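This report concerns only the one structure given below.
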Amino acid sequence: MLAALLENMTGWKTVVENKVGGGGTIGHLAMATAPPDGHTIGVITFELSTFVWMGLANVSYKDFKPIMRYNWDAAAIIVRADAPWKDAIELTNYIKANPGKLKASGTAKGGVWDLARIGWLKTAGVDPNALPWVPSTGAAPCLQDLIAGGVDICTCSLPEAGPLIEAGKVKALAVMDDKRNPAFPNVPTLKELGINWKFGAWRGLAVPKGTPDDIVKILHDALKKVIDSPQWKEFMEKNGFGMAYLPPDEFAKFLEEDFKVIGELLKAAGYAQ
């Protein structure tokens, strides 16, 4: 969709190459090693901040020049609708008092929703190992496992859990963000409850390091028109993606901080190599 809108709005011939595999390493490495001439634009994601720490690939934010961040989906704490905890504080205290009794899931080990769990508990003064992690392939299987009783908690985005929240099968105790999600106004933030933690998945656009600044500006200005278009906003909303624009300089600061925070989380969990 992004490429199609960019081509329609600018007339630039746009070809999409999906380089999948290696947990995202293949695509990010291909981007990082492309000629820095502005002809190759890539989508970079949360996984970029994990590769070096986990020993998966020698590629990080330092290999890119950011154009913009266009997406942010904060993690939420999801439990069954009949779970006894009325809020995330009660749940956190229960985990602390009963280490190992509950299980959580949402992604593979070291995935975004696993790191959300680690940061939440670490910030609250609870050993993350008190809530064992059950690896899964994503939010959808985790939520089904939650309903079936296989796990007790899912950390995932609110839109991912939205249909089951509306169906009354699960409930969200908190979202890990600075402010509440307008689509889920009754779900408080962890910060409101006294746990100063924010974490989520993100997507952005970047070019290889060394791309001239004037080219980056041209690309940014064209792509900003794309993400401001009604068609793009409709696409993002339909697919449950949160829109959260950051310009190049702010995105650069975000990437640097994200890399540091994720490194600390991976070390705390014993995932770092």
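The values are calculated or read from the model by the stated rules, or taken from the named source; none is laboratory data. Since the structure is predicted, the reported quantities are computational estimates derived from the model, not experimental observations. A quick note on method: Cβ atoms are made from the backbone with ideal geometry, for glycine too, and the neighbour counts reach across all protein chains shown.
Figures for the structure shown
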read-out: Residue in the stretch 12-32 that is of a type in the set (Phe, Trp, Tyr), closer than 23 Å to PHE235 by Cα and outside any loop (DSSP other than H, G, I, E, B) present; value: no
read-out: Check on TRP120, of a type in the set (A, V, I, L, M, F, W, C), modelled with pLDDT of 95 or more and touching a Phe, Trp or Tyr at 6+ places or on another chain (Cβ under 6 Å); value: yes
read-out: Among the candidates TRP72, TRP85, residue that is over 18 Å from VAL126 (Cβ atoms) and of a type in the set (Phe, Trp, Tyr); value: TRP72
read-out: The stretch 121-135 residues that are under 15 Å from PHE199 (Cα atoms) and in contact (Cβ under 8 Å) with a residue 40 or more places away in the chain, paired with ones that are in a helix (DSSP H, G or I) and charged (D, E, K, R) (beta carbon under 9 Å, 6 or more apart); value: LYS122/GLU264; ALA124/LYS96
read-out: Residue within the stretch 147-162 that is surrounded by fewer than 16 Cβ atoms within 10 Å (Cβ to Cβ) and under 27 Å from GLY270 (Cα atoms) present; value: yes
read-out: Failed item in (1) outside any strand (DSSP E or B); (2) crowded, with 20+ Cβ neighbours inside 10 Å, with LEU173 passing the rest; value: (1)
read-out: Filter result for ARG69 (in a strand (DSSP E or B) and touching a Leu at 6+ places or on another chain (Cβ under 7 Å)); value: yes
read-out: Tally, over the stretch 118-176, of residues that are over 15 Å from the mean Cα position of the chain (by Cα) and among the aromatic types (Phe, Trp, Tyr); value: 1
read-out: Number of positions in the stretch 33-64 that are assigned to a strand (DSSP E or B) and surrounded by 20 or more Cβ atoms within 10 Å (Cβ to Cβ); value: 3
read-out: Residue that is surrounded by the most Cβ atoms within 10 Å (Cβ to Cβ), among those in the stretch 92-107 that are under 22 Å from ASP177 (Cα atoms) and in contact (Cβ under 8 Å) with a residue 24 or more places away in the chain; value: GLY106
read-out: Every pair of residues 6+ apart whose Cβ atoms lie under 7 Å, when the first sits in the stretch 1-26 and is acidic (Asp, Glu) while the second is part of a loop (DSSP other than H, G, I, E, B); value: GLU7/LYS13; GLU7/THR14
read-out: Residue in the stretch 72-84 that is small (Gly, Ala, Ser), touching a residue at least 40 places away in the same chain (Cβ under 8 Å) and part of a loop (DSSP other than H, G, I, E, B) present; value: yes
read-out: Some residue of the stretch 153-162 being outside any loop (DSSP other than H, G, I, E, B), out of contact with any helix residue (DSSP H, G or I) (no Cβ under 8 Å at 6 or more places or on another chain) and of a type in the set (A, V, I, L, M, F, W, C); value: no
read-out: Options THR25, THR45, THR50, THR92: the member that is more than 20 Å from the chain's Cα centre (by Cα) and not acidic (Asp, Glu); value: THR92
read-out: Residues that are in a strand (DSSP E or B) and touching an Asp or Glu at 6+ places or on another chain (Cβ under 7 Å), drawn from the stretch 176-207; value: THR189, GLY200, ALA201
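Conditions (1) at pLDDT 95 or above; (2) of a type in the set (Lys, Arg); (3) assigned by TED's automatic domain parsing to the domain that holds GLY204, marked per residue:
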| residue | (1), (2), (3) |
| --- | --- |
| LEU6 | no, no, yes |
| MET9 | no, no, yes |
| TRP12 | no, no, yes |
| VAL15 | no, no, yes |
| LYS19 | no, yes, yes |
| THR25 | no, no, yes |
| HIS28 | yes, no, yes |
| GLY38 | no, no, yes |
| ILE44 | yes, no, yes |
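Per-residue answers, yes or no, for (1) out of contact with any strand residue (DSSP E or B) (no Cβ under 6 Å at 6 or more places or on another chain); (2) of a type in the set (A, V, I, L, M, F, W, C); (3) at pLDDT below 95:
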site	(1), (2), (3)
ALA74	no, yes, no
ALA88	no, yes, no
ASN93	yes, no, no
ASP114	no, no, no
ALA124	yes, yes, no
VAL134	no, yes, no
